[in-house]
Amino acid sequence: MRRRSVLATPALLLAASPAAAQTLSAADRADIARAEAWLNNLRNLKARFLQIAQGGAAAEGTAWISRPGRMRFEYDPPEPLLLVAAHGQFFFYDKAMKQATTLPLGSTPLGILLRENLRLSGEVTVSRVERGGGLTAITLFRTGQAAEGRLTLVFSDQPTELKQWVVVDAQARETRVSLYQPEYGGRFPNLLFDFNDPRFREELGIP
């Protein structure tokens with residue numbers, strides 16, 4: 001059975017309004033500071049990913065993250081989907097339908113991950129911190145922009161490392177993305193992220 005009915009919209013990007021924020025403890029703030037430090041030290045990461053949607057449909061692929069500001073999620077066949085973040089925008093492309101969607105980077109929950117000098121305070125509100133099983137989950141949204149949605153980042157505790165994120169859309173559908181086989185450092189060709197480059201568009205068959 002095809003999985004496209006679940007994955008054909010950019011569920012990685014869209015999320016629902018968060019619940020009321022909890023009061024953060026000193027331990028919560030320490031975990032938030034630890035997550036901030038890890039993200040701000042991250043520059044280049046290549047990893048495999050597993051995406052699981054609300055109904056259990058799964059898709060895998062390869063992710064490249066280059067902070068600040070750039071990300072690429074390329075799905076394995078038969079999924080014809082490609083997600084690229086660069087130039088202040090998210091570019092979402094369905095190769096089978098030859099349909100492209102572009103969104104402002106700053107208006108999406110995942111845009112928070114790509115900020116330079118990221119701070120999980122001020123412009124970002126942390127609504128919840130949860131711990132268990134050697135993991136810490138931090139739920140957040142852009143301050144004053146709750147309708148743009150919420151994002152939960154899941155970190156391992158020892159060592160600190162981003163393992164997963166969870167987005168919930170306006171219909172309360174959950175999309176969970178797990179990272180594995182991470183490779184840190186290295187250099188990525190600019191063409192991976194440059195969807196305005198004619199070579200990129202030619203490769204995808206975009207006029």
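Readers should treat all values here as calculations from the given coordinates under stated rules, not as data from a laboratory. Values in this document were obtained by computation on a predicted structure and should not be read as measured data. Positions of Cβ are backbone-derived with ideal geometry, glycine not excepted, and every protein chain shown enters the neighbour counts.
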Review point. How big is the chain by the Kirkwood estimate over distinct Cα pairs, in Å?
Key: 17.5 Å
Check your understanding: What is the distance, in nm, between label points placed 7 Å from the Cα along the Cα-to-Cβ direction at A30 and at Y184?
Key -> 2.1 nm
Review point. For the chain, what is the relative contact order in percent, using Cα pairs closer than 8 Å and at least 6 residues apart in sequence?
Key: 25 percent
Review point. Can you work out ³J(HN,Hα) from phi for every residue in segment 155-163, in order, using Karplus 6.51 cos²θ - 1.76 cosθ + 1.60 and θ = phi - 60°, giving whole Hz and x for Gly and Pro?
Key: 10, 6, 8, 9, x, 5, 7, 5, 10
Exercise for review: Can you tell me the 0 to 90 degree angle between the C-alpha axis of helix 26-41 and the longest principal axis of the chain, rounded to 10?
Suggested key: 30 degrees
Review point. Listing E36, E202, E79, E60 from the residue with the fewest other Cβ atoms within 10 Å to the one with the most, what is the order?
Key: E202, E60, E36, E79
Check your understanding: Considering the chain as a Gaussian network with a 10 Å cut-off on Cα pairs, which listed residue, A96, A58, A85, attains the greatest mean-square fluctuation?
Key -> A96
Check your understanding: Would you list S107, S127, S25 from fewest to most Cβ contacts within 10 Å?
Key -> S25, S107, S127
Study note, to complete from the structure: Two pseudo-spin positions, 7 Å from Cα along C-beta at R43 and at R173, lie apart in nanometres by 3.9 nm
Check your understanding: Which of the listed residues, Q164, L45, L135, is farthest toward the dipole's positive end in segment 14-181, when Lys, Arg count +1 and Asp, Glu count -1 at the beta-carbon?
Key -> L45
